[in-house]
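The values are calculated or read from the model by the stated rules, or taken from the named source; none is laboratory data. These numbers come from a predicted model, not from an experiment. Here the Cβ is made from the backbone with ideal geometry for all residues, glycine too, and neighbour counts use every protein chain on show. These area figures cover heavy atoms from the full protein model, side chains too; ligands, DNA and RNA do not enter into them. Shrake-Rupley method; radii C 1.70, N 1.55, O 1.52, S 1.80 Å.
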Amino acid sequence: MSTPPKPAGPFTVPPLPYAYEALEPSIDAETMHLHHDKHHAAYVAKLNEAVAKEPSLAAWINVEDLLKNLSMVPESVRASVRNNGGGHANHSLFWQTLSPKSTGMPTGDLMKAIDSDLGGFNKFKEDAVKAGLGLFGSGWVWLVVDSSKKLALLTTPNQDSPLSNGKYPLFGLDVWEHAYYLKYHNVRADYLKAVWSIVNWDFISKRYASSL
Ligand code: MN
């Protein structure tokens with residue numbers, strides 16, 4: 001008996017915007033290979049399988065739209081779209097928000113908003129690390145724009161996207177063990193400290209500007 005071919009789309013894994021080893025030493029090349037080529041690819045494959053089961057979803061080619069409107073997704077595949085669509089969207093954003101050429105801190109309007117809404121950049125970083133350490137199990141720490149256009153720091157469990165709760169994600173810290181375990185083992189705190197030197201604040205600042 002042959003297995004049916006896996007659906008080829010509509011969703012695809014975007015290529016990394018830098019080399020696998022580009023984020024070393026903060027994130028090692030082997031972790032990047034597994035994280036992007038295996039974990040992210042698995043979310044995409046399962047998302048494609050889910051939407052292939054529901055012809056009504058054929059027109060929904062934008063994963064963000066699916067996540068913003070989960071209640072409109074047929075119940076038979078809703079959990080899969082939430083988990084795997086979230087995994088696809090979260091990782092697609094994650095790769096773009098990292099860079100080997102980090103400026104170290106935001107500038108301009110984003111920096112001003114972090115000062116006024118989150119008590120300053122250092123406090124934001126401390127609070128984000130604390131949130132990551134306090135997150136039980138797997139999930140994400142997010143810098144988001146909320147519905148009143150204020151910045152907020154929040155966590156989501158599993159692969160839940162802030163988009164499903166009316167928030168616009170600017171930057172997410174992946175605190176699943178697959179994001180750091182090969183290099184940092186059980187010491188999540190060291191990963192959460194090391195990641196700040198590879199954050200692409202130029203990208204995040206532009207994303208913030210486009211969200212207002
Ligand atoms: Mn991940």
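Expressed as a whole percentage, what fraction of the accessible surface of the chain belongs to carbon and sulfur atoms when a 1.4 Å probe is rolled over the protein heavy atoms? Intermediate values should be presented prior to the final figure.
Details: 5760 of 10520 Å².
So the carbon and sulfur contribution to the accessible surface is 55 percent.
Less than 5 angstrom separates the built amide H of residue 171 from those of 143, all sequence-distant by 5 or more or on a different chain.
For segment 128-212, the solvent-accessible area works out to 44 Å² per residue, with a probe of 1.4 Å and every protein chain left in place. Peptide packing for 106-116, 157-167 was compared via the average number of neighbouring C-beta atoms within 10 Å per residue; ordered from the highest value, the list is 157-167, 106-116.
Only lysines eight or more places from residue 130 in sequence, or on another chain, were considered; those with a Cα closer than 17 Å are 193. A viscosity of 1.002 mPa s and a temperature of 20 °C, combined with the Kirkwood radius over Cα pairs in Stokes-Einstein, give a translational diffusion coefficient for the chain of 120 µm²/s. For segment 21-36 versus segment 142-174, the spacing of their alpha-carbon centroids is 24 Å. Over the residues of the chain, the helix contribution to mean residue ellipticity at 222 nm works out to -11000 deg cm²/dmol, using -39500 (n - 2.57) for each DSSP H run of at least 4.
Cross-link pairs exceeding 29 Å between alpha carbons, from the set 125/183; 46/150; 125/150; 68/101: 46/150; 68/101.
Express the accessible area of segment 21-96 per residue in Å², computed with a 1.4 Å probe while the remaining protein chains stay in the model.
Solvent-accessible surface per residue comes out at 46 Å².
Judged by the gyration tensor of its Cα atoms, with axes a ≥ b ≥ c, segment 13-114 is oblate; a/c meets the 1.5 cut and b/c is at least as large as a/b.
Sequentially through segment 155-168, phi angles give Karplus couplings (6.51, -1.76, 1.60; θ = phi - 60°) of 10, 10, x, 6, 10, 4, 9, x, 4, 6, 10, x, 10, 10 Hz, Gly and Pro residues having no value and appearing as x.
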